[in-house]
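**Student:** Let me give you the structure first, and then I'll get to my questions.
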Number of protein chains: 2
Amino acid sequence: MFDVTFQFENGQTTVISAQEGANLLELARSANVAIDAPCSGNGSCGKCRVKLLSGQLDCLPTSHITAEEAADGWRLACGSRICGDVTVLVPDIASAYQSRMKTADLSSGQEIAIFEKLMADVSAAGVSFANDFVQVELTLDAPTLDDTMPDNERITRALEAALGVETVAIPYDCLVRLAQVLREGNFRVWAAGERKGNTFRLLDVSAGQAPLCAAAIDIGTTTVSAVLTDLKTGRLLAKASSGNGQIRYGADVINRIIEQGKPGGRRKLQKAVIDETLNPLLRAMCRSAGVGKERIFRLCVASNTTMNHLLLGVDADPVRMEPYIPSFFRWQGCKARDLHLAAHGDADVVIAPNIGSYVGGDITAGVLASLLWDRDEFTLFIDLGTNGELVFGNRDFMMSCACSAGPAFEGGDISCGMRATDGAIEAVTIDRDTMEPTFRIIGEAGQKPVGLCGSGIIDLISELFRCGIISPKGQFQREGARVRRDAHGTGRYVLATEDESATGREVSLDEVDIDSFIRAKGAIFSAIDTMLRSLDMDVTVLDHVLVAGGIGSGINMKNAVNIGMFPDIDLEKFEYIGNSSLAGAYAMALSPSAEEKTYGLAANMTYLELSTNPGYMDAFVAACFLPHTNTALFPNSHPEA
Amino acid sequence: MFDVTFQFENGQTTVISAQEGANLLELARSANVAIDAPCSGNGSCGKCRVKLLSGQLDCLPTSHITAEEAADGWRLACGSRICGDVTVLVPDIASAYQSRMKTADLSSGQEIAIFEKLMADVSAAGVSFANDFVQVELTLDAPTLDDTMPDNERITRALEAALGVETVAIPYDCLVRLAQVLREGNFRVWAAGERKGNTFRLLDVSAGQAPLCAAAIDIGTTTVSAVLTDLKTGRLLAKASSGNGQIRYGADVINRIIEQGKPGGRRKLQKAVIDETLNPLLRAMCRSAGVGKERIFRLCVASNTTMNHLLLGVDADPVRMEPYIPSFFRWQGCKARDLHLAAHGDADVVIAPNIGSYVGGDITAGVLASLLWDRDEFTLFIDLGTNGELVFGNRDFMMSCACSAGPAFEGGDISCGMRATDGAIEAVTIDRDTMEPTFRIIGEAGQKPVGLCGSGIIDLISELFRCGIISPKGQFQREGARVRRDAHGTGRYVLATEDESATGREVSLDEVDIDSFIRAKGAIFSAIDTMLRSLDMDVTVLDHVLVAGGIGSGINMKNAVNIGMFPDIDLEKFEYIGNSSLAGAYAMALSPSAEEKTYGLAANMTYLELSTNPGYMDAFVAACFLPHTNTALFPNSHPEA
């Protein structure tokens, strides 16, 4: 056995014993050391870099590390095996993709207003936000030798009288605590629960009054976002987000499905999302709002089909294997207790419905929030997550499809890509003459760049193309101080040199990255094209294009059109609507009517399978250029003269 | 830290580290070493004897250990503190009271016939044994690219068609396993569940067929008994019993309530009965019947009020403290999952209803099985458990009361007392002239005596009185080889000398034991007397006396009358009905009608509080003689001339 020491940039260390031949990335996983491995450790992504500080590692050759970098000690964790005591540096960048939890500051009222407006809009479209949760103060007669009614009957009688219900259901957890709470409160208590017809389901009895809460969670493949809200008023109480803890088992759904299929894999993936991601988020929100977790009486989760299968610990393998059968579209529901969620054990967990293996609850919830179903005009809804999903239609019909754009929009598969979090370059312009960049970085003033998030990559590629620095194929065709080439002649554009970056590693975009991104944007455009064609329509019919997703704080629509990702139509028609999946989950968490509405929307959505569509492959190949092989489709996009 | 070694008679040892000053009994508890402490370790019962083999213990003085015994190394664990490395012998007798689990041999068909007769009798009285559990074989269409219905909808459609129901509820645990089971079974599977009106609640999907089971459990303060039965036929599949694991926290309910009130106590007591008692019993029964625990779809527990509060982890302190308020009489039910019971997680756990703090579900279930409610004649039902509970009435009315007889009937509070298990003397006769005893021992041929169980004590006291060896006050008045006295002059009758016993310790009954037992029998008789008087009746109205409880394989009614425990009426009127609490639980586990019937019985039972009844104390004092101060009440009981 050898000692393996992981040293972090903040000076902390984690030491683990390992056998000779053990894989360094797997050791890191077992020791809960966060090292991103979007490719799940097969050597293809090159993200899992660590730096050898002392000792030796037995390493596979890799093209991701230059000879110079290797001499400096850089290694890929996934290709390294233990051959003695060793100490490695885990750079902060190693877990930039897998970002830390962040609780939003609600003090400006801006976030609160967003959700207030959503509630108003959805209500105006006819979906009530009323629910049947109730809180009531009860003053019971204290028992005496002449009045020896047991506690449960005593509170049942009082609730029947106070609420006019015929029966009261007292779940196990509630009854277990009843004797103590009644006596602590001197038989004067607050009861909270849900009225269902003539029955009242008691959920909590407490000596004092406290808010009744709901939680909404958007589980993305990369990022998880959540809000805590007051069940009665809909007011936002807290908001938080973090990376999905499953990311160390692969950046995309396919790698995670493979991982969950291994012995103990389902439990492992479920633990990664529940114990390491959702529960810390829920606890942080409760702390921030000053409420106990047992006051969360209802939860809604919106997520893609694979994510909700992995959350629930349901085998996702049939989702991946032909004929692609999920265990469920519409989940009948379970209790927070079943999933060990940090909430009231009897809280219902609502899952936004899937409509296929690759169009899941994130989309149905997103469509609810988008109000596409309430419009007369033809509207296209695009969700840029780790995959791209589209819904097209109006109040009369809806069609959906999914394209495997890959994780590029969230910074995956890109050498300096990262999530839209502190240190990410989110917007770029380039001076055509000097070729020098100007950019905006997420974070506090003075933040140095760490990498590029999706919106920054769109801007950068658009600007490189506009300035004639890259060709329609994405190859470098101008030379300059910012354009560099490696030993094989592969060009790259350097946004920040080693000295200018936050990490000591250059922030750049190379031809391999550009190629990845062009394939991603090509997948989106060809999906739009193919779906409209299948309806004998083209992009001219589009009245609205709603773009959702965690691609950055926004997206420069002009640039997205310029690179041929979105159709070249009036820019006024585009709208960035943010995280619509979370917004839909928020509505469903508060409102049984919104939940029912979403089931209805899901049932009415036609699913178009692109992978077997004969025209899709051709459309995709044609779209893998800047802006497109058919330039007539993009009259406004071309390099400046 | 010192090493404390517990050595057992079979040669095994358990070693635990302990700090100086640690209490030996508490160490034994923490190491799961079974040492009986009916008094919960306050030094009063003298049961927790261990023998010092090496090292020293720092011991409190005690009258329970003679100087001679002390010189041999005997100590009370509860009064011993650690002052160095030490090895003690834990004699088998130390856990005789807390007996090991025993699985019944059903091969003779005798046990099966008992429950068949019960089912026939209860059915004849109008309670149906039908239930809505169903098992059905399903052949589903395997999914294809043209038929991509998700698994849950696929099985739902099939169940709707097969059973003619409108909705199918699929609980979490079932859905989680669905994908795998369907594919393992090639979409040909067996589905089991419960029909509730137009809804079918799916509980299990499996590739093969297996029995649908129910479990019934009688949780006595001292002994726990259980049966496993086929839900559809009612046939007994297994039967088992063991000591209640809570016994190390006190022999009676009062000591256990005090113990559960300490920090962490509720969890500790709940664990002792569930993890250490019920789950091993359930698993042993499943093993014996060859079925998986997940095939137990319904459970019923019958137990006294304190036991069901402790089982459920509900604070029992208000049960003990004036005004004696339980958390519930009728429990709304919970799932096996809530209690971590070894059964299907979604199995309903039915709790036989309590009617007061001291008349619980063991009595209501017992009354159901006794069929008292179906008789025209006045019938008295007596349950001799750790406490004594009585129900008197017929099809028109029922009255119940409880008396704190203490644990004497189950061998508690008696120096050589033990449960009715291997080595227990269960029947005794004495030759009036020679004063020599003849006795019957539970166990295989050649079993030497270990102690006395309840029925043996009744016989022995009756015989000692009949032979004039003891006075009506229970004091020794004849001398002889079998009658010995200690240094204080306290007399005892020796049934087995050190050489004749199985343990090397004399089996005897002394004046202190006799006094304890006289108080116990006095409590029973005075309760009968007081209850009948409160109705302006006396014992002449009794047509039937049904005696239930685990007092032994039976009870010599004549002897019980002779000592003044039961009224002196025609012996033909007495019937020993065994464990009626378990029998009632069996009926309730199988039949929702029996469950409803029991709730009805409970609601109709009047409770007579004896402790505040002005006549009870006088009646009790008058009954604390052999057979009674008023000998006219017992014309057939007197010493032989």
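The values are calculated or read from the model by the stated rules, or taken from the named source; none is laboratory data. Bear in mind that the values here come from a model prediction, so they are computed numbers and not experimental data. Note that each Cβ is placed from the backbone with ideal geometry, even for glycine, and that neighbours are counted across all protein chains shown. Heavy atoms of the whole protein, side chains included, go into the accessibility calculation; ligands, DNA and RNA do not. Shrake-Rupley method; radii C 1.70, N 1.55, O 1.52, S 1.80 Å.
**Student:** Looking only at segment A:371-388, which residues are open to solvent by 10 Å² or more (accessible area, probe 1.4 Å) and either outside any loop (DSSP other than H, G, I, E, B) or at pLDDT 95 or above (or both)?
**Tutor:** Passing the criteria: A:L371, A:W373, A:D374, A:R375, A:D376, A:E377, A:F378, A:D383.
**Student:** Read through the list (1) crowded, with 17+ Cβ neighbours inside 10 Å; (2) under 30 Å from B:S580 (Cβ atoms), then give the number of the only condition that B:P150 fails.
**Tutor:** So the condition that B:P150 fails would be (2).
**Student:** Further, regarding this structure: Does segment B:612-621 contain at least one residue that is out of contact with any Lys or Arg (no Cβ under 6 Å at 6 or more places or on another chain), buried (at least 16 other Cβ atoms within 10 Å of the Cβ) and of a type outside the set (A, V, I, L, M, F, W, C)?
**Tutor:** Yes, segment B:612-621 contains at least one residue that is out of contact with any Lys or Arg (no Cβ under 6 Å at 6 or more places or on another chain), buried (at least 16 other Cβ atoms within 10 Å of the Cβ) and of a type outside the set (A, V, I, L, M, F, W, C).
**Student:** Those residues that are of a type in the set (F, W, Y) and open to solvent by less than 30 Å² (accessible area, probe 1.4 Å), I need them from segment B:112-147; list them, please.
**Tutor:** Answer for segment B:112-147, where residues must be of a type in the set (F, W, Y) and open to solvent by less than 30 Å² (accessible area, probe 1.4 Å): B:F115, B:F133.
**Student:** Also: Going by what's in this entry, would A:F129 be described as more than 20 Å from A:E294 (Cα to Cα) and in contact with a Ser or Thr (Cβ under 6 Å, 6 or more places away or on another chain)?
**Tutor:** Answer is yes for this residue.
**Student:** Name the single residue that is farthest from B:P592 (Cα to Cα) among those in segment B:295-322 being more than 20 Å from the chain's Cα centre (by Cα) and assigned to a strand (DSSP E or B).
**Tutor:** Going through the qualifying residues, I end up with B:I296.
**Student:** I need the full set of residues from segment B:588-610 which are open to solvent by less than 20 Å² (accessible area, probe 1.4 Å) and touching a Pro at 6+ places or on another chain (Cβ under 8 Å), in order please.
**Tutor:** Within segment B:588-610, B:T598, B:A602 meet the criteria.
**Student:** Can you tell me which of B:L76, B:L89, B:L60 is farther than 26 Å from B:K262 by Cβ and touching a Lys or Arg at 6+ places or on another chain (Cβ under 9 Å)?
**Tutor:** Within the list B:L76, B:L89, B:L60, the selection yields B:L89.
**Student:** Identify the single condition in (1) crowded, with 19+ Cβ neighbours inside 10 Å; (2) assigned to a loop (DSSP other than H, G, I, E, B) that B:M531 does not satisfy, given that it satisfies every other one.
**Tutor:** Failing condition for B:M531: (2).
**Student:** Continuing with this model, one more query. Could you tell me how many of the residues in segment B:327-357 are crowded, with 21+ Cβ neighbours inside 10 Å, within 11 Å of chain A (Cβ to nearest Cβ), in a loop (DSSP other than H, G, I, E, B) and touching a strand residue (DSSP E or B) at 6+ places or on another chain (Cβ under 6 Å)?
**Tutor:** Qualifying residue count, segment B:327-357: 4.
**Student:** Additional query: Show me the strands (runs of 3 or more DSSP E) entirely contained within segment B:1-100 in which 3 or more residues are of a type outside the set (S, T, N, Q) and surrounded by fewer than 17 Cβ atoms within 10 Å (Cβ to Cβ).
**Tutor:** Per the criteria, B:2-8, B:49-59, B:80-90.
**Student:** Of the conditions (1) in contact with a Ser or Thr (Cβ under 8 Å, 6 or more places away or on another chain); (2) buried (at least 18 other Cβ atoms within 10 Å of the Cβ), B:P323 clears all except one; give me its number.
**Tutor:** Condition (2) is where B:P323 drops out.
**Student:** Residue under question is A:M565, and the condition is that it be surrounded by 18 or more Cβ atoms within 10 Å (Cβ to Cβ), aliphatic (A, V, I, L, M) and in a loop (DSSP other than H, G, I, E, B); does it hold?
**Tutor:** Here the answer is yes, as A:M565 does meet what is asked.
**Student:** Can you find even one residue in segment A:572-579 that is touching a residue at least 40 places away in the same chain (Cβ under 8 Å), surrounded by 24 or more Cβ atoms within 10 Å (Cβ to Cβ) and either part of a loop (DSSP other than H, G, I, E, B) or of a type outside the set (V, I, T) (or both)?
**Tutor:** Yes: segment A:572-579 contains one or more residues that are touching a residue at least 40 places away in the same chain (Cβ under 8 Å), surrounded by 24 or more Cβ atoms within 10 Å (Cβ to Cβ) and either part of a loop (DSSP other than H, G, I, E, B) or of a type outside the set (V, I, T) (or both).
**Student:** Still on this structure, please answer the following. Could you check how many residues of segment B:212-250 are in contact with a Phe, Trp or Tyr (Cβ under 8 Å, 6 or more places away or on another chain) and over 17 Å from B:R295 (Cβ atoms)?
**Tutor:** So the count comes out to 3.
**Student:** Filter segment B:229-252 down to the residues that are part of a strand (DSSP E or B) and small (G, A, S), then identify the one that is farthest from B:A37 (Cα to Cα).
**Tutor:** B:A238
**Student:** Answer yes or no as to whether B:D396 is more than 14 Å from chain A (Cβ to nearest Cβ), closer than 30 Å to B:S508 by Cα and in a loop (DSSP other than H, G, I, E, B).
**Tutor:** So B:D396 fails the test.
**Student:** Among the candidates A:V301, A:V314, which residue alone is facing chain B (nearest Cβ under 8 Å), open to solvent by less than 10 Å² (accessible area, probe 1.4 Å) and in contact with a helix residue (DSSP H, G or I) (Cβ under 8 Å, 6 or more places away or on another chain)?
**Tutor:** Checking each option against the conditions leaves just A:V314.
**Student:** Let me ask something else about it. Return the pairs, sorted by first residue and then second, in which the second residue is among the charged types (D, E, K, R) and buried (at least 17 other Cβ atoms within 10 Å of the Cβ), the first residue lies in segment A:265-293 and is touching a residue at least 24 places away in the same chain (Cβ under 8 Å) and within 10 Å of A:G313 (Cα to Cα), the beta carbons are less than 7 Å apart, and the residues are 6+ apart or on different chains.
**Tutor:** Hits for this filter: A:R266/A:D315; A:L269/A:R256; A:L269/A:E259.
**Student:** Could you please give the count of residues in segment B:110-155 that are under 18 Å from B:E595 (Cβ atoms) and either hydroxyl-bearing (S, T, Y) or within 14 Å of chain A (Cβ to nearest Cβ) (or both)?
**Tutor:** Summing the residues that are under 18 Å from B:E595 (Cβ atoms) and either hydroxyl-bearing (S, T, Y) or within 14 Å of chain A (Cβ to nearest Cβ) (or both) in segment B:110-155 gives 2.
**Student:** Determine which member of the set B:T434, B:T438, B:T490 is open to solvent by 50 Å² or more (accessible area, probe 1.4 Å) and touching a strand residue (DSSP E or B) at 6+ places or on another chain (Cβ under 8 Å).
**Tutor:** B:T438
**Student:** Would you please name the residue that is least open to solvent (accessible area, probe 1.4 Å), looking only at residues in segment A:157-207 that are in a helix (DSSP H, G or I), away from chain B (no Cβ under 11 Å) and of a type in the set (A, V, I, L, M)?
**Tutor:** A:L159
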